[in-house]
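What follows is a short report on a single structure.
The values are calculated or read from the model by the stated rules, or taken from the named source; none is laboratory data. Note that the structure is a prediction, hence the values are computed from the model and not measured. Cβ atoms come from the backbone with ideal geometry, glycine included; neighbour counts cover every protein chain shown. We work out accessible area using only protein heavy atoms, side chains counted, and drop any ligands, DNA or RNA first. Shrake-Rupley method; radii C 1.70, N 1.55, O 1.52, S 1.80 Å.
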Amino acid sequence: FLIKTDRPMKRLLLTLTAGPQQAQVEARLGGRTQDLTLAADESQQIAFNMGEGFPYQGQWPVWTASISSSSGFVPIFYGDSKDTRHLGVRVKPVLDE
């Protein structure tokens, strides 16, 4: 995915939360990578310095990012949910000026 802002940012904070199964997670921002293992229902926060990014239409910077998980779950098989999607990890991004 792309991160596009109206001004430069210093840091990207990602709070990653696993579902009911352990997950191996790889997070990337630009050319930098962080790998972590989340136990079932565990949350961890990681941070990336934003760097310069690249200019979008000659104006504000854009950064490329990706997050992948080695496993996932289908909520309908856990508890009372009717959600049939296959989900990996929950991601809460926060940008720090």
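Tally Lys and Arg at +1 and Asp and Glu at -1 over the other residues with C-beta under 15 Å from the C-beta of Pro20: what net charge comes out? Kindly include the intermediate steps, with their values, before the conclusion.
On the way: positive: Arg85, Arg90; negative: Asp41, Glu42, Asp80, Asp83.
Net local charge, Pro20 excluded: -2.
As an exercise, find the ratio Rg/Rh for the chain from alpha-carbon atoms, using the Kirkwood inverse-distance average for Rh. Write out the running numbers ahead of the final one.
Numbers: Rg = 15.5 Å, Rh = 14.6 Å.
Here the Rg-to-Rh quotient is 1.06.
Could you give the accessible area per residue of the chain, probe 1.4 Å, as a whole number in Å²?
Values: 6290 Å² over 97 residues.
Ligands and nucleic acids excluded, the figure is 65 Å² per residue.
What is the calculated FRET efficiency for Glu97 to Thr37, with r their C-beta to C-beta distance and R₀ = 25 Å, to the nearest 0.05?
Details: r = 31 Å, r/R0 = 1.22.
Between Glu97 and Thr37 the formula returns 0.25.
Could you tell me how far the Cα centroid of region 55-86 sits from the Cα centroid of region 31-46, in Å?
Result: 14 Å between the Cα centres.
Sorted by accessible area with a 1.4 angstrom probe, largest first, how do Asp41, Asp96, Asp80 fall? The partial results should precede the final answer.
On the way: Asp41 110, Asp96 60, Asp80 155 Å².
Ranking Asp41, Asp96, Asp80 by accessible area, largest first, yields Asp80, Asp41, Asp96.
Please compute the modelled spin-label separation between Ile46 and Asp80, points set 7 Å along Cα→Cβ, answer in nm with one decimal.
3.5 nm
For the chain, which whole percent of the accessible surface, found with a 1.4 angstrom probe, sits on carbon and sulfur atoms? Don't skip to the answer; put the middle values down first.
On the way: 3100 of 6290 Å².
Within the chain, the accessible surface is 49 percent carbon and sulfur.
Counting only other residues whose beta carbon sits under 13 Å from that of Ser68, what net charge do I get with K and R as +1, D and E as -1? Numbers along the way, then the final one.
Values: positive: Arg28; negative: Glu26, Asp35.
My count for the surroundings of Ser68 gives -1.
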